[in-house]
1. Quick one: count up the residues across the stretch B:137-153 that are loosely packed, with under 15 Cβ neighbours inside 10 Å and either within 9 Å of another protein chain (Cβ to nearest Cβ) or aliphatic (A, V, I, L, M) (or both).
2. Restricting attention to the stretch C:259-308, which residues are of a type in the set (V, I, T) and closer than 14 Å to C:L65 by Cα?
3. Would you check which residues across the stretch C:246-281 are more than 29 Å from C:P158 (Cβ to Cβ) and of a type in the set (V, I, T) and list them?
4. Pick out the one residue from B:I198, B:I219, B:I240 that is under 28 Å from C:R121 (Cβ atoms) and either in contact (Cβ under 8 Å) with a residue 12 or more places away in the chain or crowded, with 18+ Cβ neighbours inside 10 Å (or both).
5. Hey, can you tell me all the residues within the stretch A:367-399 that are surrounded by 13 or more Cβ atoms within 10 Å (Cβ to Cβ), assigned to a helix (DSSP H, G or I) and of a type in the set (D, E)?
6. Looking at C:V166, is it within 22 Å of A:A104 (Cβ to Cβ), of a type in the set (A, V, I, L, M), without any contact (Cβ under 8 Å) to a residue 24 or more places away in the chain and out of contact with any Cys (no Cβ under 9 Å at 6 or more places or on another chain)?
7. Which condition number does A:Q293 fail, the rest of (1) in the same structural domain as A:M52 (by TED's automatic domain parsing); (2) within 19 Å of the chain's Cα centre (by Cα) being met?
8. Please state which one of B:A111, B:A156 is part of a helix (DSSP H, G or I), within 10 Å of another protein chain (Cβ to nearest Cβ), hydrophobic (A, V, I, L, M, F, W, C) and surrounded by 15 or more Cβ atoms within 10 Å (Cβ to Cβ).
Amino acid sequence: MTFTRRLLLSAALIFATGPAFAETAVKIGVLNDRSGIYTDLSGEGSVIAARMAVEDFGAAAKGIKVEIISADHQNKPDIASSIARKWYDQDGVDLIVDVPTSSAAFAVSDITREKKKVFINSGAGSADLTGAKCSPNTIHWTYDTWALAKGTGGAMVAAGNKKWFFITADYAFGHSLEKDTAAVVKAAGGEVVGSVRHPFPGTDFSSYLLQAQSSGAQVIGLANAGGDTVNTIKQAAEFGITQAGQSLAGLLIFITDIHALGLKTAQGLVLTESFYWDLNDETRAWSARFAAQHGGKEPTMVHAGVYSGVLHYLKSVEATGGKDSAAVIASMKSMPTSDPLFGKGSVREDGRKIHDMYLFKVKAPAASKGPWDYYEKLATIPAAEAFRPIADGGCPLLK
Amino acid sequence: MFELLGIPPQALFGQLLLGLINGSFYALLSLGLAVIFGLLNIINFAHGAQYMMGAFLAWMLMTYFGIGYWWALLLVPIAVGASGVVIERLMISRLYHLDHLYGLLLTFGLALIIQGLFRNQYGVSGLPYTIPAELSGGTNLGFMFLPNYRGWVVLASLVVCLGTWFTIEKTKLGAYLRAATENPTLVGAFGINVPRMITLTYGFGVGLAALAGVLAAPIYSVNPNMGADLIIVVFAVVVIGGMGSILGAIVTGFGLGIIEGLTRVFYPEGSAVVIFVIMALVLLVKPAGLFGRTV
Amino acid sequence: MTVANTETHPVTLPADLRISTPRHHVVIFAGLLGLLLVAPFVLYPVFLMKVLCFALFASALNLLLGYGGLLSFGHAAFFGSASYVAAHAAKVWGLTPELAILLGTGAGAVLGLGIGALAIRRQGIYFAMVTLAFAQMVFFFALQVPFTGGEDGIQAVPRGKLFGLVDLSNDLTLYFVVLLIVFGGLLLIYRIVHSPFGQVLKAIRDNEPRSVSLGYKVNRYKLAVFVMSATLAGLAGATKAIVFQLASLTDVYWTMSGEVVLMTLIGGMGTIFGPLVGAAVIVTMQNYFAGFGAWVTILQGIVFVVTVLLFREGIIGVIARWTKKAL
């Protein structure tokens, strides 16, 4: 679809709906993990973030009635797809947000496209969401595996850690994480000295850590996620891997994982995120409001992404004067994004949201002033470099 | 650091030792299953959940009451074992006159409930449990750095396994137990309270699972799903070993741990299935299991 | 097997003795068909199709468990593998849905033959453990081989055109196709159970040594029913893959095996209509409690425990006892 046609379409819709503007009712479905491994980084917090976005936007005063519903997809694509289908078919949902776990995100993306609705993903990692499997109805908001690989891989090689060894979860997601990071490492002049694939999910990683140790690598890249990453880091501490001089690089790890591990075990770990509550005054103020509603827990970047995405969606609903998906998405892609959490940014034609990323190092227990004071910022990766160039993604929409 | 040319002997020793550590958990768990099966003729599907409860209880004692590892090692198996006694009295004992499959189904249901409750309460991200100060650090064995705690796990598991074997095979109490397995009516006629013995045996088997849980807590993250997948592997171990002898359960447990450890070096992709492949082979060659009595 | 338990009946069942089709069965099947023809105009068709697929899956397990007396705790392996093969055939090879489903069903049958040949070497609880372990092996296999897509599964499977003619993207059209498949499967199971083969099966279930002494090749019968059950489970899985346009790890995981056992158990083992009712109850429960996270698991566990302790005949079993009719 060309841009002009989209403009025409949105224009036509404005005329068609015109006066109905004052009565737009929008239904947002927050679909994420509410019982599994990603509960802490998404879960109820994302619902709170979505609600805060509606409040801050002042939807009620602008004549937009917003209703938020939520459900648990248990990180399974089959459950995610059946909930999404039901939401669109029966419950009149217009927008689905969050959806951690890439497999579930793909399922929701497919259905959203079929039903011609809007999907703003904050929780899932796979860069394919805006690459080979991109969709005109999907916007990928917060981060992706390519950006994490770029941040962590690029920065560590630049700091002189050239020899890498990967401990990879043996399934599609782990493989792609390893592949992306290895490409970044090699491009930056580093070298991959070996890798080992462990069954997923695993419990005992000592054997792989031992292999990593004897490989002579400077960095052990953890191309796994969730409980596997947490266990690998724990066992690395037990076997004295980091004390012996090797660094661990988490390729998909969140602040809630660090919280669960404790600083004693996690210290020194290098990782990339797009948001940290303690970045600046605005993020601190927002996070304080969030924590007050979320039992004192600070927000993750996924929560921040849900807030930012919903806010931008509502702005586009206001701008187009209706909730027609094609018009709203066209507006979301043409209007620059701006919010207190990610600053200024934009949404690319392939659905990729662009903003700065940050490289963090986990503090030593002595350097931390209290709970949730975990990160020390090592570098900012500017928006222009942080994400995969649009031409490299192979998104079939760009023709 | 030395170069890796194939697999140097040092690395091999290291991996063998790691396999032995995993094997200790297999041995403890399959021993508990074997003891319960021996007397109750029930496959305790809740074994994995009870192992998980052991780890969680250790964590709770530490977090809520400040009770440390060593006390947990003693208290947790007793507490979880007691919960097992209650379950046996209230539920399992009602099923003895029925087909054994019902016992399997019941304990499967119990496993779902226990895991679900812990998942609701604590999530699945895993909770940290630190290694006790006395056992932190490690020893350099020359070929590898062995964390002291892992050494302790192997030792503790060996002692418990052999102790159980000795009690059942060599003591008077064990003789009663074995006799009750063969012919409960006759043993009852000699004035031994067989139902109570059955109850306590279930409690003991469950206690063994809980003990394994406490031992696992500092190594693996304490997580509601930690027992769910493990128990299926242990089932395979049990099928391979056959339920015939206590010693068989112990030897198979340790042996398969080592085999799995070696697979991790030579063909890591296959390490998840190697035990199941061995199970298929054993079924072809010796359907009753390596140590099982023939059909 | 050393455990001698001739005095305990393997699975207690209402006796269905007559080999001719009882009249009330015809009435129930007709009523059921009528109900299912009207249902999609009242209820959400996608939900109904899920119930139908699981009804067939549970009935397939019931053929093995209820009539063969063999508890398989690994039926997800057949269900899931078939759903992967069907999804792959429809998506990558571009086959029409009926061919994809046929191919998936075939995969279930082949796998059933392989696993069955090994598993029937053990009995009772060992049989359950062996099937569970093999299913876990299939799960790891599905997780690692590239064609299943690992965690992602095979997504966006086209529903395609039946025989290249009838477009199935409409939920209602697809519903009637699924109804045809599932109802056909159920009638087939009914036929098997009430054939001479089925009678021998029940004889083996009730007293294996006696059947052996009567000269029946018990293991051949067991293997045959195992393969039939696996094939029908495959049919259910393949159909599900086309309906939901998705084949995922959930379909091969051991919880799926547990769920289908639960459906059979609560509906009534060894009854024709029990698994249907069980599937409807459990799928509705999952649907209703989907938003409550782990409560679904807890509730399923409670249903398991309560059914085993107090309610072993299952819903249909109880009704059968009240009406004094085999159902």
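1. Residues flagged as loosely packed, with under 15 Cβ neighbours inside 10 Å and either within 9 Å of another protein chain (Cβ to nearest Cβ) or aliphatic (A, V, I, L, M) (or both) within the stretch B:137-153 amount to 2.
2. The first filter runs over the stretch C:259-308 and keeps only residues of a type in the set (V, I, T), leaving C:260-261, C:264, C:266, C:271-272, C:277, C:281-284, C:296-298, C:302-303, C:305-308.
Scanning the stretch C:259-308 gives C:V260, C:V261, C:T264, C:I266, C:T271, C:I272.
3. C:V261, C:T264, C:I266, C:T271, C:I272, C:V277, C:V281, listed by residue number.
4. Working: B:I198 fails: under 28 Å from C:R121 (Cβ atoms); B:I219 fails: under 28 Å from C:R121 (Cβ atoms).
After ruling out the rest, the residue left standing is B:I240.
5. A:E385
6. Working: within 22 Å of A:A104 (Cβ to Cβ): no; of a type in the set (A, V, I, L, M): yes; without any contact (Cβ under 8 Å) to a residue 24 or more places away in the chain: yes; out of contact with any Cys (no Cβ under 9 Å at 6 or more places or on another chain): yes.
Spelling it out, it is not the case that C:V166 is within 22 Å of A:A104 (Cβ to Cβ), of a type in the set (A, V, I, L, M), without any contact (Cβ under 8 Å) to a residue 24 or more places away in the chain and out of contact with any Cys (no Cβ under 9 Å at 6 or more places or on another chain).
7. (2)
8. Details: B:A156 fails: within 10 Å of another protein chain (Cβ to nearest Cβ).
Selected residue: B:A111, the only one of B:A111, B:A156 that is part of a helix (DSSP H, G or I), within 10 Å of another protein chain (Cβ to nearest Cβ), hydrophobic (A, V, I, L, M, F, W, C) and surrounded by 15 or more Cβ atoms within 10 Å (Cβ to Cβ).
The values are calculated or read from the model by the stated rules, or taken from the named source; none is laboratory data. These numbers come from a predicted model, not from an experiment. All Cβ positions, glycine included, derive from the backbone under ideal geometry; neighbour counts span all protein chains shown.
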